Amino acid sequence: MRAILLCFALGVVLLQQQARLPDGTVWFMCGAAFAIATMLGAMQPRVRIASFAMAACALGFAYASIRADVRLREQLPSEYEQRDIELTGFVRGLPEQQADGTRFLFEVEANGAKLHEFPRVVRLLWMSGDHVPDLHAGERWTLTARLKRPNANANFGLRDGEVTLLERGIRATGYVSTARAPRHLKSDATGPRLTIDRLRARARDRIERVLGDAPHRGIIVALAVGAQDEVSDADWAVMRATGTSHLVAISGLHIGFVAGLAALIFGFVWKRVRWRGVSAPLIAPAPKVAALGAVAFAACYAALAGFNVPAQRTLWMLLIFAIAFLGGRRPASSLVLLWALAFVLIGDPWAVTSTGFWLSFGAVAAILHAIASAGRSESRAQTEDDDDIDQWDRVDPSEVGQRPQTPKKRRPFAIVARFAGRMRRHIASSARVQYAVTIALAPLTVYWFSQIPLLGPLANAFAIPWVSVIVTPATLAGLLLPAPLDAPMFHLAHAALSVLCDMLARLADAAPSSLWLLPRPDAFALAAACVGVAWALAPRGWPLRFAAPLTWLPLLAPAMHPAPVGAFRVTALDIGQGSALVVETARHALLFDAGPGPESTHAGERIVVPYLQAAGVRALDTLVISHSDSDHAGGAPAVLQSIAVRQLLASLPAQDALWSDARARGAHTLRCIAGQRWTWDGVEFRVLWPEPGPLSGKPNHQSCVLKVTNAAGRAALFAADIEADVERELIARAPADLRADVLIVPHHGSRTSSTEPFLDSVGPSAAIFQVGYRNRFHHPHPTVYARYRMREIVLSRSDEDGAARIEIGSQITFERYRQSHARYWMAR
């Protein structure tokens, strides 16, 4: 059965790796494989397990494919994007209050365009300047919205955000338009899910009303209802540095603790209940009632969490254990885990694309493997301890056969010894579990986050019990108690959390280099590390167990092969409307612009920094900020805070705060001026614009233009946001200096740039447009884009192709993310 369940999950995973959904030929092959494997398993006992496992794999692949096809049928036609469409429906989930307005899910019941297969769930932003009402789950509204197809940034080494939208059933995004006034309808929607959403909203409102502006209020809200949008940046920073971020989410650990506490309470109360003079345990055994109570409370808490993947996994495991226990059976823990795996994937086939899925199931699998490996030695140790303790209570041989006397009281030393033995075993077991989880999750943490928090084991050793024993019970008690009795519990939870956060902050300050940054591993390195984990957690006596760390060495290898001497690599990141380009030579790295910052999409923090870490760039030799526009310079503070920068080369006003920020972090600062040049690993970097002297004109006129030329004479030109006037001046000065094989299109392809003489002077064979999907500036301009196409230039658009990577050596190789990493949900 274990092999069958694992292969079913494998089939689901395989489907999520496909570039397109199965066609008729694939469906025929899948059906034939299922039929043949099933019949072979029924007829041949010797290959029954292998045959049924193959059939389960085909079944998982087919099931996930059907679910994907059904969900993808709901889509917004391209011609209706960014058009005013009247929608009637109701609010779902918990609306999120943000700086730019309120973001919420809206379930559509009718659309003014009268379209069939219209997206059922859309995500909308009600902007703060439009008098946003206080939205609640279930409220029906008729409003006008401008929608776009689901689109997210697609970059090498980073998670695809589009599959997250697909998993949540969000098939369009947009904002509430002011073309027509929204109308709040009288009748509210009803249903079990909306009832849960209303309860979650009320719980959040109660906590906010009691705690007000308390610094760690967001964590209390996250532990109560699973909403993490109110957790402060300071709390996130401390928890990431100490490896305790998982405590902010309602994880399996919290739900398991609640289930255990509920079982104790139900069992204690049931033993003392009498019905018509009959003790309740005579009607139903107390352990079975306790099991039912544990599942009921776990289900309630999982509902408050929004049924995330770790909550689902824990709930399914508890439910399976409870059913087996009620039936008088005790299934193997590994089998229960695999059944939970199958049920989670049946409910959500896209769960395999989420970080929480792998971390949750990986942690439990590691714990079970470690416990199983240490089972025999633990049993032997416990027997020896019991023998040592029981010797204090042995009967004197001379008293054998004499009249029984009053039993001797157990000697105090025996009681102390027994307690000490149990505590020793408990501490050893806890240490073994912490060791297993730390070792097992390290490769997955590197893969998903490109880092390992070295303080994690130490911080979790006291953070997990503190949150589980004090913070979480106090929070739940506050939810169960009516006002005003809830206030003391919420204040107690916050006070305990404040103590914990202070301890974690001091721990992080004491070890500022506690995060071990590693490049994102490839498939081989990850597989080798996982084999090493199973090897390291094997039972004592396993051959060459001491050599297991050797399998982790590929994790230390560079994320990709560096460019050879005399060549360079350019990666144009997909950051939406903005610019961020990474240039790598054999031993150096340069970042040209850092994308938008907090004023827009937080691309510097969300995309640029994680990409540099995943690519193994630990320090930037030069950070170039072409000019002061926020879509180019907004992400620079996040880069300076997270990545070591040796030099800042920028075309910014003298009073810009970025200069002082860079100097405070030890970076050499220099204004970008035409004529500057340097060479790294046989690659020449040369600044072509702006001219020396005071900066004048608008920021676009001051843009820094950089040309990078390799040893073979092939070049790339970074034109930032220059416009036609600067293009004319560059042509008049030295048109030969503009010649380049690759052009980063100036000003995102606006109609005020990319003039015909400029393109003739550059003569590129490839060009990259860094633009946002359906951006409000309508970049690139159709006329400009046609101008490039007429010259038969190889083009890449970040809104269509995602990130682009160009290797410039003796030859030029071009890679587009959405082509080399295509998945069936892209462009759908």
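Bear in mind that the values in this text are calculations on the coordinates, not laboratory data. Since we're looking at a predicted model, the values are computed, not measured. For neighbour counting, all protein chains shown are included, and Cβ atoms are generated from backbone atoms with ideal geometry for every residue, glycine included.
Does Leu706 qualify as being touching a Phe, Trp or Tyr at 6+ places or on another chain (Cβ under 7 Å), assigned to a strand (DSSP E or B) and surrounded by 18 or more Cβ atoms within 10 Å (Cβ to Cβ)? If you could, list the steps in order and put the result at the bottom.
Values: touching a Phe, Trp or Tyr at 6+ places or on another chain (Cβ under 7 Å): yes; assigned to a strand (DSSP E or B): yes; surrounded by 18 or more Cβ atoms within 10 Å (Cβ to Cβ): yes.
Judged against the criteria, Leu706 is a match.
If a residue counts only when it is within 30 Å of Leu21 (Cβ to Cβ), which strands (runs of 3 or more DSSP E) contained entirely in the stretch 715-828 have at least 3 such residues?
The strands (runs of 3 or more DSSP E) meeting that bar are 794-797, 812-816.
So which residues in the stretch 279-335 are touching a Phe, Trp or Tyr at 6+ places or on another chain (Cβ under 6 Å) and β-branched (Val, Ile, Thr), if there are any at all? Spell out the reasoning first.
As a first pass, look at the stretch 279-335 and keep what is touching a Phe, Trp or Tyr at 6+ places or on another chain (Cβ under 6 Å): 280, 286, 289-291, 293, 309, 316, 320.
Scanning the stretch 279-335 gives Val289, Val309, Ile320.
Those residues that are under 27 Å from the mean Cα position of the chain (by Cα), part of a helix (DSSP H, G or I) and in contact (Cβ under 8 Å) with a residue 60 or more places away in the chain, I need them from the stretch 55-102; list them, please.
If the condition is that a residue be under 27 Å from the mean Cα position of the chain (by Cα), part of a helix (DSSP H, G or I) and in contact (Cβ under 8 Å) with a residue 60 or more places away in the chain, then Gly60, Tyr63, Ala64, Arg67, Ala68, Arg71, Leu72 are the ones that fit.
Of all residues in the stretch 153-207 being in a strand (DSSP E or B), of a type in the set (A, V, I, L, M) and under 26 Å from the mean Cα position of the chain (by Cα), which is surrounded by the most Cβ atoms within 10 Å (Cβ to Cβ)?
So in the stretch 153-207, the residues in a strand (DSSP E or B) come out as 170-176, 183-184.
Adding the requirement that they be of a type in the set (A, V, I, L, M) leaves 170, 172, 176.
Then keep just the ones that are under 26 Å from the mean Cα position of the chain (by Cα); that gives 170, 172.
Numbers: Ile170: 18, Ala172: 27.
Top of the filtered list is Ala172.
Looking only at residues in the stretch 572-608 that are of a type in the set (Ser, Thr, Tyr) and surrounded by fewer than 24 Cβ atoms within 10 Å (Cβ to Cβ), which one is nearest to the chain's Cα centre (by Cα)?
Here the answer is Thr601.
Output the residue which, of all residues in the stretch 285-306 that are in contact with a helix residue (DSSP H, G or I) (Cβ under 8 Å, 6 or more places away or on another chain) and outside any helix (DSSP H, G or I), is nearest to Val269 (Cα to Cα). Quick ask: steps written out before the conclusion?
The initial filter retains those residues of the stretch 285-306 that are in contact with a helix residue (DSSP H, G or I) (Cβ under 8 Å, 6 or more places away or on another chain), namely 286-299, 301-306.
Applying the additional criterion that residues be outside any helix (DSSP H, G or I) yields 305-306.
Working: Ala305: 27, Gly306: 29 Å.
Once the filter is applied, the top-ranked residue is Ala305.
May I ask you to list pairs of residues, at least six apart or on different chains, whose Cβ atoms are under 7 Å apart, with the first in the stretch 264-276 being more than 18 Å from Ala298 (Cα to Cα) and the second being surrounded by fewer than 14 Cβ atoms within 10 Å (Cβ to Cβ)?
Between residues of the stretch 264-276 that are more than 18 Å from Ala298 (Cα to Cα) and residues that are surrounded by fewer than 14 Cβ atoms within 10 Å (Cβ to Cβ), the close pairs are Trp275/Ile283.
Looking only at residues that are closer than 13 Å to Asp593 by Cβ and out of contact with any Ser or Thr (no Cβ under 7 Å at 6 or more places or on another chain) in the stretch 639-653, which one is surrounded by the fewest Cβ atoms within 10 Å (Cβ to Cβ)?
Looking at the filtered set, the residue picked out is Val639.
Tell me which residues, restricted to the stretch 436-492, are of a type outside the set (Ser, Thr, Tyr) and touching a strand residue (DSSP E or B) at 6+ places or on another chain (Cβ under 8 Å).
As a first pass, look at the stretch 436-492 and keep what is of a type outside the set (Ser, Thr, Tyr): 436-437, 439-444, 446, 448-449, 451-467, 469-471, 473-474, 476-492.
Those that are of a type outside the set (Ser, Thr, Tyr) and touching a strand residue (DSSP E or B) at 6+ places or on another chain (Cβ under 8 Å): Ala442, Val446, Gln451, Ile452, Pro453, Leu454, Ala459.
Restricting attention to the stretch 110-120, which residues are touching a Leu at 6+ places or on another chain (Cβ under 9 Å) and touching a residue at least 24 places away in the same chain (Cβ under 8 Å)?
Across the stretch 110-120, the qualifying residues are Asn111, Gly112, Leu115, Phe118, Pro119.
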